[in-house]
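Below is one structure; the comments refer to it alone.
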Amino acid sequence: MSSFTGKPSQEKMAAFCGKNILDISSLSREQLETIMQTAAYYDAKLEKHELLHDMEGKIMASLFFEPSTRTRLSFESAMQRLGGKVITVTETPTMQTSSTAKGETMYDAIRVINYYCDVIACRSPIKGVRLEIDRAATVPYINGGDGSGEHPTQALLDIYSIYKEKGGLDGWTYAICGDLKYGRAPHSLLDALAKFKVKKIILASPKELRMPEENIAKIKADMGVEIEECFDLDYAAKNADVIYMTRVQRERFSSQEEYERNKNLFIMTKRHVDMFVKDAIVLHPLPRVNEIAVEVDDYPGAAYFRQAGNGLPTRMALLALVTGSVK
Ligand code: NCD
């Protein structure tokens, strides 16, 4: 992968126009690169504080039915940075303001919301709801996370971060660590990495929180990438060029006991940093609970805050591509 300069070709961008972004597995490597190139294009404009009008006159519906800081704010900031406007529903089971509280299905809600906007970004606690929204949406829909299912925009900003930090994605050993069972970010990242010529992917988790077999089978079937499972963070720390840490997803556990048994098993400290291979980087989708000790933040390769910043140009790229607005 050479470094990105300028915009992708019209032809490559046109392939996204009107498209829903549901998951990563339905995108090709070339499409992932088109998104990253568009992100790099907007990144350069952000750096120069350019005032953009690419999405002037357009409205994004920001529908968040689960807590979110980075994903929602970076989507909304992305739309506004592109000159567009935002309408919002944010609610959780204990704070409901829309008609889902009255029992409206997501399908019906989207059938209506289509009339009010040009693009939809939506997060829901329900795994697989992306398929229901996909059927209902007549404007482009971008999945902002569906329960423990998929989180494609996170994986896209993750690979864009790896590109920026390491100069490319091919040839590295990756370790995806932590709650690989319930974490949607690891599910989508695994799909994304499998599209590149990676050296190896280490899946490191507590025994009870392994990557689901179906996720591994899916990528092995089409890519034949080398996967190694382990239950030991030290091994991951010693062997990977890119170490992706994740939070134990408390809200998705079926019992408090299961959470208590697993919550403190994978904690990265300075001791791990001392084992790293040269120029290793540490990523994390955030929020962090206790799985990366604060002392690790001083390591120059601790890239998780920069990574969260990359959510902005990545989501600008997605919004502009699916609405055919890149100017
Ligand atoms: C992730 C998510 O919501 O799945 N966060 C995010 O979008 N940045 C990871 C997490 O909540 O642990």
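The values are calculated or read from the model by the stated rules, or taken from the named source; none is laboratory data. Note that this is a predicted model, so its numbers are computed, not measured. Every residue, glycine among them, receives a Cβ derived from its backbone with ideal geometry; neighbour counts consider all protein chains shown. We work out accessible area using only protein heavy atoms, side chains counted, and drop any ligands, DNA or RNA first. Shrake-Rupley method; radii C 1.70, N 1.55, O 1.52, S 1.80 Å.
Things to note:
- Packing-based ranking, highest mean first, of 184-190, 229-235 given that Cβ atoms within 10 Å are counted: 184-190, 229-235
- Relative to one another, the C-alpha centroids of the stretch 32-99 and the stretch 191-237 are positioned 31 Å apart.
- Ranked by how many other beta carbons lie within 10 Å on average, peptides 22-35, 150-163 from highest: 150-163, 22-35
- Estimated at 0.36 nm per residue, the fully extended path between THR69 and GLU251 surpasses their Cα-Cα distance by 63.9 nm.
- Order by protection proxy (mean Cβ within 10 Å, highest first), peptides 131-140, 279-288: 279-288, 131-140
- Taking the C-alpha atoms of the stretch 92-160, convex hull volume expressed per residue in Å³: 101
- Ligands, DNA and RNA left out, the accessible area of the stretch 55-149 computed with a 1.4 Å probe is 51% carbon and sulfur.
- Solvent-accessible surface of the stretch 141-287, taken per residue with a 1.4 Å probe and all protein chains present: 36 Å².
- Using bins of 5 Å that start at zero, the share of Cα-Cα pairs per bin across the stretch 1-136 amounts to 2, 8, 16, 20, 21, 16, 10, 6, 2, 1, 0, in whole %.
- All C-alpha pair distances within the stretch 223-282, sorted into 10 Å bins from zero, spread as 19, 41, 30, 10, 0 percent across the bins.
- FRET efficiency, ARG29 to HIS53 (Cβ-Cβ, R0 30 Å, nearest 0.05): 0.45
- Between the stretch 140-184 and the stretch 248-327, the alpha-carbon center distance in angstrom: 10
- Distribution of pairwise C-alpha distances over the chain, 20 Å bins, in %: 33, 59, 8
- Normalised alpha carbon radius of gyration of the stretch 45-93 [divisor 2.2 N^0.38 Å]: 1.26
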